[in-house]
Each structure stands twice: as structure tokens, then as C-alpha cells.
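A quick write-up on the structure given underneath.
The values are calculated or read from the model by the stated rules, or taken from the named source; none is laboratory data. Just so it is clear, the structure is predicted and the values come from calculations on it, not from any experiment. Neighbour counts are summed over all protein chains in view; Cβ atoms, including those assigned to glycine, are modelled from backbone coordinates with ideal geometry. Each accessible area value is taken on the protein alone, full model and side chains, heavy atoms only, with ligands, DNA and RNA left out. Shrake-Rupley method; radii C 1.70, N 1.55, O 1.52, S 1.80 Å.
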Amino acid sequence: MKNSTQLLFGFLIVLFSACKEDKEKVEEAPTESFRNEVAATEVNVATAERKSFDYLINATGKLEAGAEVLAVIEQAGYLLEVNVREGQYVKKGDVIATLDPTEAEFRLEKAKISLRNANAEYESQKMGFETLFASDNTEQKAIVDEQLRAKSGVFLSEVELKEAQMAFDRSVVKAPISGQVADLKYKAGSLVGASTELCQILGTNEFILKVKVLESEISLISINQKAEVYPISNTQTALSGRVTGINPKVDESGLVQVSITLAANKNLLPGMNARAIIRAPQSNSLVVPKDALVYRSGRAVVFTIENKESKWNYVEVGKDNGEEVEILEGVEENSTVITSNNLQLAHQAPVQIVKE
């Protein structure tokens, strides 16, 4: 009986020990296998490179014609003809309007007669100095000739004829430059005053886009720097331009006006809105794709990969061109950075690089 009791007691001890070991194994299993059970996040990657980086300065403005000149009616009168319409192309010197020339013609004819009379009087007075004008005394002849022309009224009549001719010429309005007619203000039959604006001639051999940029960016812009211009009417096609002017004054909003010149284009009209992108190359910048940058609690973060795990890096960001971003501090050159599935990624999370 005693042996049976000891045997039973020994069996219970063995059974208890076996149950305890199984319990310890059950308790220890989740801790050991937890990391292996979490699926690795698939990610795309890129390399943090040190290279030339194009910083893009964006600005908007309005297109202007390369030249804008007023065609002015210089003297008062009735418009007999207006030979142009708005939008018409004219060449420099083309007659675009004609005033009634009756009064101007009368003054011109009167001035011609006055000059003929003055010349006749001059010749009559000159006959009293036949001996002098037949001599070789050049100096004395010049003095007497000038006195006779003044006394006979030749000089005054010549000036009056020029004035009358100018007045007659002003009865015809000519295009001051080649270009398109805009803002035509009068029609034939209108009574106009002197120095009246008839229309505007727009020289559209080239266009100028005037934009405003931040004063902090003006140091990145220089004359002849290349620019891309996108008219609002066609935002997909870039037109080539170059910087031709920088206003040396900052306005009250902290902006500086920059002029960009571009070649003529049939689809452009003065007054159109357009967007300009001025490229400002930055050399020797540490750059990562913009997709590598995420923000956590308002701070910029870039994830790198170490030992198949993600590493959280706070970074200081520099310039941004829409595709790449400059990293000033926080990531080492040639680091492998994560560019996808990084919005909710945690520090030291297992990751798997997707082969493209």
C-alpha cells in the first residue's frame, strides 16, 4: 500500500511538471514570434543624391505687347477717312486716317506765293550790287547776300512755308510703328481736336510678361535667365522666354517686378493672364524625391532603411521644385530613402523593397 501511494505521488509530480512546461511555452511563444508574424511593408526607394538642383520660381502676370504706341491726330478738323479697323495689322508709315485738308492746302499755297514774292524782291535788291557779286570777294558777298535775304523776307517766308507744309502733312495720320490696331476711338465724319488719340498700335513681334516675385527670391534671378511661360488659355504648352528686366525697387507688399520677354505667337494677345516658371539652378545640393518627405506633428520626416527596417529621421528642408526637395540636415548623402507607403509608417517597422 505504501509503495502504491508513493508511485501515485510521483506520477502527480511528473504530470504537474509537464503542465508547467507547456504553460511556459505557451506564454513565451507570442514574444518570440511577434516580429516574424508582422508582415513587412512593401516600399519603393530612392537615393539621397548631391547634385545640381533646379529651384523653380513661380509667378503670374499679364502679357503686354512688346511696343505700345498711340496714333495721335495732331491738329483739329473733320475726319474724312478712317482706313483701319481694330485688330488690323498695319506697317509703319501706312495712312490710317485722313483729315479734311482744305484749310491746310490753302495755307500751304499762300506760303508758296509769299516765298515767290520774297525771292522776287531779293533778286531786285541784289541787282544794286552787281559789281560786288561779280567780284572774287567771297566774304563780303556772303554778308551782303544774307542781309538782302533777311530784308526781302526770304528767310521768314521759307520758315512759313515749312510750317504750312507740316500742317498739311498732319492732315494725314500715319502708323507710327508696325503692329495691330487697338482701341480705335473715332469713325469717318467725326470732328476732332488737336492732339487727340485715334487708336493704339500694338507691336506684337514680341510680348512682355510682367510678374511679381518675392524679394527673398530676387537674388536667384538674373538678366537673360531662362523662363517657361504658360498662358492661361493653354496651360499644357510652355513658351520659351528670358528675363529682360528687373525693377530695382521693392513694393509695399515685399514684391519685385520682373519682365520676361517671349517671341510672337498667334495665340497670344496683350492683356492675357499667364504663369511663368523661372529656373534657378542650385549646385551641390542634397536632394531627395518629394514623395520621400512626410510631416508628423508639423515636422518634416524622411524614412531611411537600415537592416530591412524603417528609420525615422527629422529633417530640415530647403528649396522645393515640385518634384524634388533639398535636404539641409537630417539625412546623409547616398542614404536609401523610402518614397511610398510612408504616410503611416512607424519607426523600426519591417519593410520590403519592391523591385521595379
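Meeting the requirement of 3 or more residues that are open to solvent by 50 Å² or more (accessible area, probe 1.4 Å) and modelled with pLDDT of 90 or more, the strands (runs of 3 or more DSSP E) wholly within the range 35-95 are 49-73, 77-82. May I ask you to say which residue of Gln236, Gln180, Gln147 is farther than 30 Å from Glu123 by Cβ and free of Cβ contacts under 8 Å to residues at least 12 places away in the same chain? Criteria check complete, one pass: Gln236.
Across the range 149-206, the number of residues qualifying as of a type in the set (D, E, K, R) and either closer than 18 Å to Glu86 by Cα or not in a helix (DSSP H, G or I) (or both) comes to 7. Can you tell me which of (1) surrounded by 14 or more Cβ atoms within 10 Å (Cβ to Cβ); (2) more than 26 Å from Ala59 (Cα to Cα) is the one Glu324 doesn't meet? All conditions pass for Glu324, except number (2). Of the residues Val250, Val213, the single one that is more than 27 Å from Ile73 (Cα to Cα) and open to solvent by less than 40 Å² (accessible area, probe 1.4 Å) is Val213. Residues in the range 265-298 that are open to solvent by less than 60 Å² (accessible area, probe 1.4 Å), touching a residue at least 60 places away in the same chain (Cβ under 8 Å) and over 13 Å from Val229 (Cβ atoms): Pro270, Gly271, Ala280, Gln282, Ser285, Leu286, Val287, Val288, Pro289, Ala292. Exactly one residue out of Leu198, Leu132 is modelled with pLDDT under 90, over 30 Å from Lys249 (Cα atoms) and open to solvent by less than 50 Å² (accessible area, probe 1.4 Å): that is Leu132.
Is it the case that Gly271 is on the phi > 0 side of the Ramachandran plot, in contact with a helix residue (DSSP H, G or I) (Cβ under 6 Å, 6 or more places away or on another chain) and not aromatic (Phe, Trp, Tyr)? Criteria not met by Gly271.
In the range 253-264, the residue that is farthest from Glu228 (Cα to Cα) out of those that are surrounded by 12 or more Cβ atoms within 10 Å (Cβ to Cβ) and polar (S, T, N, Q) is Gln257.
Test Asn307 against the stated conditions and say whether it is without any contact (Cβ under 8 Å) to a residue 24 or more places away in the chain and open to solvent by less than 60 Å² (accessible area, probe 1.4 Å). It is false that Asn307 is without any contact (Cβ under 8 Å) to a residue 24 or more places away in the chain and open to solvent by less than 60 Å² (accessible area, probe 1.4 Å).
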